[in-house]
Amino acid sequence: MTERVIPLIDERLTSLAPKVPAQATAPTGLLTDTRGRPLRDLRISVTDRCNFRCNYCMPKEVFDKDHAYLPHNALLRFEEITRLARLFLAHGVRKIRLTGGEPLLRKNLEELVAQLAQLRTVDGLPPDLTLTTNGSLLARKARALKDAGLNRVTVSLDGLDDAVFRRMNDVDFPVADVLAGIEAAHAAGLSHIKVNMVVKRGTNDHEILPMARHFRGTGTTLRFIEYMDVGATNGWRMDEVLPSAELITRLRAELPLVQLDPSSPGETAERWGYADTSGQHDPALGEVGVISSVTQAFCHDCNRARLSTEGRLYLCLFATQGHDLRGLLRGGATDEAIASAIAPIWQGRTDRYSELRSSLPADTTQGARRVEMSYIGG
């Protein structure tokens, strides 16, 4: 057996400098890219650190005890994040998702939530403010986050079997503590709680039905995510991908399902509702979702931008380079100048990696390398 060698290049060190137009133009509340996709969703990574070592995201052999994380002064301050978020809202963003790494490792995160909750969209409404977490710290943080203004939470959980879960997080963290975090989120009044399960064939696909049985009728929506080739360090192989169509077939063999309409434009998940004895969706039983980036690309209506921990703007989860907004923030640029610099970045967007995946070379060790998911969030 040959040892897998992962050449690691720090893509955090390279970025594009945004161009500030000579004449600033005020945001109109609508930005569209080259394919007519509007900017509606901003995902903000608040830390590049995580206390898990899931092998599909931060494999331990790469992110070991000697891994160099970003220095604290490189991270965007809460006030800087809020300032940028305000400008993105002026361009039409309606949903803000806090992510990481593990965002709850960022000290006093509820202070950032409180700041963001005071912002308003171009329609005069509070943004849909949500957070993705591995759940390890959620039990102690849920109430403070809700009180600060967080609307929703999504918890990553890759199985109910404790041995499987400990093996996948690779730090021996117990599944019971994550389940306790989900219960705490419900108790705190956070609505529309979702659980994301990354499915790897041969690793945890036998957990699909136990997960569905557990969350059915609990008010928590379970979503199954195809194992993706994010970054360049997770050793992704197509034969470990379980297509969502096959997954739904497995579920329907035991649990009757009916397909539901998308909840909003640009929705990543295909929705399936649990059916009653008459074959109709029973809202009390809830629903599941499948996110099929590999087998059913949804690039055509992707409306998401990603802001990295230290202020790089990325236009795709599979991007190879970001745009340095921190340089503008700390270089004295006005709000008008920064907003004017953001606009052409999105307007020039052509990204559609998932649609092109099959035609691209499999070897990612040469040339431009995709940024790691732990750095810009999922």
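The values are calculated or read from the model by the stated rules, or taken from the named source; none is laboratory data. Here the structure is a predicted model, which means the values were calculated and not measured. We place every Cβ from the backbone using ideal geometry, glycine too, and count neighbours over all the protein chains shown. Ligands, DNA and RNA are stripped out before the accessible areas are found, and what is left, the full protein with its side chains, is counted by its heavy atoms. Shrake-Rupley method; radii C 1.70, N 1.55, O 1.52, S 1.80 Å.
Couple of notes before you dig in:
- For the residues PRO18, PRO283, PRO38, a GNM of the chain with alpha-carbon springs under 10 Å puts the largest fluctuation on PRO283.
- In Å², nearest 10: area of SER15 left accessible to a 1.4 Å probe: 40 Å²
- Centre separation in Å (Cα based) which lies between the stretch 232-298 and the stretch 153-203: 18 Å
- Counted charge near HIS281, where neighbours are those whose Cβ lies closer than 12 Å (Asp, Glu -1; Lys, Arg +1): -3
- Along the chain, the longest continuous region that contains none of the GluC sites (Glu not before Pro) in a DSSP loop with at most 16 other C-beta atoms within 10 Å is 62-253.
- Projecting the Cα atoms of GLY100, ALA297, VAL113 onto the dipole axis of the chain, where Lys and Arg carry +1 and Asp and Glu carry -1 at the beta carbon, places VAL113 farthest toward the positive end.
- Spatially proximal lysines relative to LYS146 (Cα-Cα < 17 Å; intrachain offsets below 8 disregarded): LYS95, LYS107, LYS194
- Over the chain: Rg over Rh, Cα atoms, Kirkwood Rh: 0.95
- Derived scalar couplings between HN and Hα for the stretch 196-205 equal 9, 10, 7, 9, 10, 4, x, 10, 9, 5 Hz in order, rounded to whole Hz, by the Karplus curve 6.51 cos²θ - 1.76 cosθ + 1.60 (θ = phi - 60°), x for Gly and Pro.
- Where the Cα pairs of the stretch 241-305 fall when distances are cut into 5 Å bins, in %: 4, 17, 25, 22, 17, 11, 4, 1, 0
- If you bin all the Cα-Cα distances of the stretch 206-338 at 10 Å, starting from zero, the percentages per bin are 11, 31, 27, 18, 10, 3, 0.
- A cut-off under 14 angstrom between Cβ atoms defines the neighbours of VAL195, and their net charge, with Lys, Arg +1 and Asp, Glu -1, is +1.
- Longest DSSP-loop-exposure-free segment, trypsin sites (Lys or Arg not before Pro), the chain, at most 10 other Cβ within 10 Å: 108-378
- Expressed as a whole percent, the proportion of Cα-Cα pairs in the stretch 1-151 lying more than 28 Å apart is 33%.
- The stretch 93-217, accessible surface, carbon-and-sulfur percent (1.4 angstrom probe): 48 percent
- Ligands, DNA and RNA left out, the accessible area of the stretch 24-71 computed with a 1.4 Å probe is 53% carbon and sulfur.
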